[in-house]
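Asker: Encoded as structure tokens, here's the structure I'll be asking about.
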Amino acid sequence: MPTNWISIYQLNGYCLKDLASFPAKDRQLWAEEVAKVEKKTFPSSEAFDFDSELRKKNTSVILVLTNQDTSELAGYLVYVRTKRLALLHKICVVEHERGKGVGRYLVHSLRDRLEKGGCQSILLWVDEARQPARMLYRSCDFVQIDRCLDYYGPGRTGLKMELSIEK
Ligand SMILES: CC(C)(COP(=O)(O)OP(=O)(O)OC[C@H]1O[C@@H](n2cnc3c(N)ncnc32)[C@H](O)[C@@H]1OP(=O)(O)O)[C@@H](O)C(=O)NCCC(=O)NCCS
């Protein structure tokens with residue numbers, strides 16, 4: 001997938017960037033920004049290990065940046081791609097940017113990218129207790145296909161969701 005891909009979806013005041021499209025030095029700076037948000041948002045057991053994960057060939061990170069003179073990170077999405085399937089591994093919007101459509105922008109843009117690449121479906125697991133994330137996925141037409149008790153640890157149920165994108 002070309003790293004200069006542009007989504008058909010637009011959100012005023014924001015733009016999408018593929019982390020891999022930056023020169024190495026900038027890529028490192030943005031990865032550090034993402035790691036900071038990651039640390040603030042998720043328990044350490046769920047934090048994404050960017051150093052090792054980003055070396056994997058099938059893993060991609062889409063960033064949403066603000067369209068200002070000095071761009072700031074508004075959110076990011078991490079996904080893993082195989083030939084016909086993609087796993088939406090993680091999505092996060094920085095706290096003060098939530099509720100403005102950034103999460104939906106990321107999911108729609110991922111769908112657009114994968115559709116063009118011949119992918120058939122997007123899968124994800126979400127903690128049943130993460131209501132905003134569940135609502136976001138539902139509003140983007142994901143359907144629940146499985147439920148697993150203790151998936152995220154004792155007492156934390158995981159829901160498996162799928163979005164079929166085959167044309
Ligand atoms: C989940 C998350 C990514 C949503 O991002 P967002 O940019 O705030 O979401 P959007 O503004 O695009 O909202 C899109 C839809 O999601 C749902 N939604 C988003 N936030 C919600 C909330 N707090 N309560 C209920 N529904 C919510 C709504 O259906 C909304 O559509 P609407 O505004 O037309 O009602 C964000 O809350 C977040 O980063 N949470 C912490 C990290 C996380 O839980 N990630 C998921 C697991 S990896």
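Asker: Once the stretch 103-164 is represented by equal point scatterers at the alpha-carbon sites, with solvent omitted, what log10 I(q)/I(0) does the Debye formula produce at q = 0.15, 0.20, 0.21 Å⁻¹?
Answerer: Evaluating at q = 0.15, 0.20, 0.21 Å⁻¹ gives log10 I(q)/I(0) of -0.47, -0.76, -0.81.
Asker: Sequence-distant or interchain residues sharing an amide H contact under 5 Å with GLN120, placed H: which?
Answerer: The list, which skips near neighbours in sequence, is LEU85.
Asker: Where in the chain are the helices, taken as whole DSSP H runs, whose Cα atoms extend 18 angstrom or more along the long axis and whose Kyte-Doolittle mean reaches at least 0.5?
Answerer: Numbers: long enough: 24-41 (25 Å, -1.20); 102-116 (21 Å, -0.69).
Counting only whole DSSP H runs, no helix qualifies.
Asker: Please report, in cubic angstrom per residue, the volume enclosed by the convex hull of the alpha-carbon atoms of the stretch 14-164. Display every interim value, and only then the final one.
Answerer: Working: hull volume 17.6 nm³, N = 151.
Dividing the Cα hull volume of the stretch 14-164 by its residue count gives 117 Å³.
Asker: Follow-up. Before rounding to the nearest 500, sum -39500 (n - 2.57) across all DSSP H runs of length at least 4 in the chain and divide by the residue total; then give [θ] at 222 nm in deg cm²/dmol. Walk me through the numbers on the way to the answer.
Answerer: Details: 4 runs with 46 residues, N = 167.
Helices in the chain give a 222 nm mean residue ellipticity of -8500 deg cm²/dmol.
Asker: So, one more: Within the stretch 73-167, which GluC sites (Glu not before Pro) sit in a loop by DSSP and count at most 15 neighbouring Cβ atoms inside 10 Å? Could the numbers behind the result be given before it?
Answerer: Values: sites: GLU95, GLU97, GLU115, GLU128, GLU162, GLU166; in loops: GLU128, GLU166.
Answer by residue number: GLU166.
Asker: Also, I was wondering about something else. Kindly flag which residue pairs out of LYS17/LYS116; LYS40/LYS83; LYS17/LYS160 have an alpha-carbon separation exceeding 25 Å in this structure. Could the numbers behind the result be given before it?
Answerer: Numbers: LYS17/LYS116 17 Å; LYS40/LYS83 33 Å; LYS17/LYS160 27 Å.
Over 25 Å Cα-Cα: LYS40/LYS83; LYS17/LYS160.
Asker: Quick one: which of 77-86, 98-107, 144-153 comes out on top by average Cβ neighbours within 10 Å, and what's the full order, highest first? Let's see the in-between values first.
Answerer: Values: 77-86: 17.0, 98-107: 19.0, 144-153: 12.6.
The packing order, highest mean first, is 98-107, 77-86, 144-153.
Asker: Could you work out what % of the accessible surface of the stretch 36-143 is carbon and sulfur, using a 1.4 angstrom probe and leaving DNA, RNA and ligands out of the count?
Answerer: Values: 2780 of 5680 Å².
The C+S portion of the solvent-accessible surface of the stretch 36-143 is 49 percent.
Asker: Apply the Karplus parameterisation 6.51 cos²θ - 1.76 cosθ + 1.60, with θ equal to phi minus 60°, to every residue of the stretch 148-160 and state each ³J(HN,Hα) to the nearest whole Hz, in sequence, with x for glycine and proline.
Answerer: Couplings: 10, 5, 6, 4, 9, x, x, x, 10, 7, x, 10, 9 Hz.
The values are calculated or read from the model by the stated rules, or taken from the named source; none is laboratory data. Given the structure is predicted, the values throughout are model-derived calculations rather than measurements. For neighbour counting, all protein chains shown are included, and Cβ atoms are generated from backbone atoms with ideal geometry for every residue, glycine included. These area figures cover heavy atoms from the full protein model, side chains too; ligands, DNA and RNA do not enter into them. Shrake-Rupley method; radii C 1.70, N 1.55, O 1.52, S 1.80 Å.
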